[in-house]
Amino acid sequence: MKRRLVAAAALLLVLAALGFAQGAENKNTANTNSAKPKMSKKATERALIAKEKALWEAVKKNDAKTFKRSFSADYVGVAEDGIHTLDVEVEQIGEVKLRAYTLSDIKVAMPSGDTAILSYKVNSQGDYKGQDFSGDSYCSSVWINRGGRWVAVAHSEVKAAKTP
């Protein structure tokens, strides 16, 4: 009888341990699934367009701090005067006098769920170091979702050809 009682107690402990482990596993699964659901493609596109517009506003306000936070450290910019690092772009913000701008024909391509390419036309009025850059340009920006945060990794800007 004593052996049966010890065996029953041991079995009860094993079952209790298994039940506890199963409960902990279910709790971890519940925590994993309670993460924020992914945004729809349309919502992601709207958010990225808003981020792109916020960058133009940061330039207009000469707000280098806000501007820099939107980019990855390995960012690359391509412009008429060459290829720029993030540090160069941030440094130039203080020299830009952007008086007005309008973005149009914005398109978003998403080759994967964590990569987006924005292309658009911008009409801007302003100058950089006293040189007028007003007019139309065509732009593209590449955004990547890194750890749940969208950051710009590349931007190119090409002055639109003057039509006769």
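What follows is calculated from the coordinates using simple rules that are stated; it is not laboratory data. If you're wondering where the values come from, they're calculated on a predicted model, not measured in any experiment. Counting neighbours? That spans all protein chains shown, and the Cβs are built from the backbone with ideal geometry, glycine included.
Quick check, is V96 under 26 Å from M39 (Cβ atoms) and among the β-branched types (V, I, T)? Taking the combined requirement at face value, the residue does not satisfy it. Would you be able to tell me the number of residues in segment 91-126 that are surrounded by 14 or more Cβ atoms within 10 Å (Cβ to Cβ) and closer than 13 Å to E52 by Cβ? The number of residues fulfilling the criteria is 11. Contact annotation: residue pairs with Cβ atoms under 9 Å, 6 or more positions apart or on different chains, pairing a residue in segment 79-91 that is touching a residue at least 12 places away in the same chain (Cβ under 8 Å) and under 15 Å from F67 (Cα atoms) with a partner that is of a type in the set (K, R) and crowded, with 16+ Cβ neighbours inside 10 Å, are L86/K68; E89/K68; V90/K68. The numbered conditions (1) surrounded by fewer than 16 Cβ atoms within 10 Å (Cβ to Cβ); (2) within 22 Å of K38 (Cα to Cα) are all true for V153 except (1).
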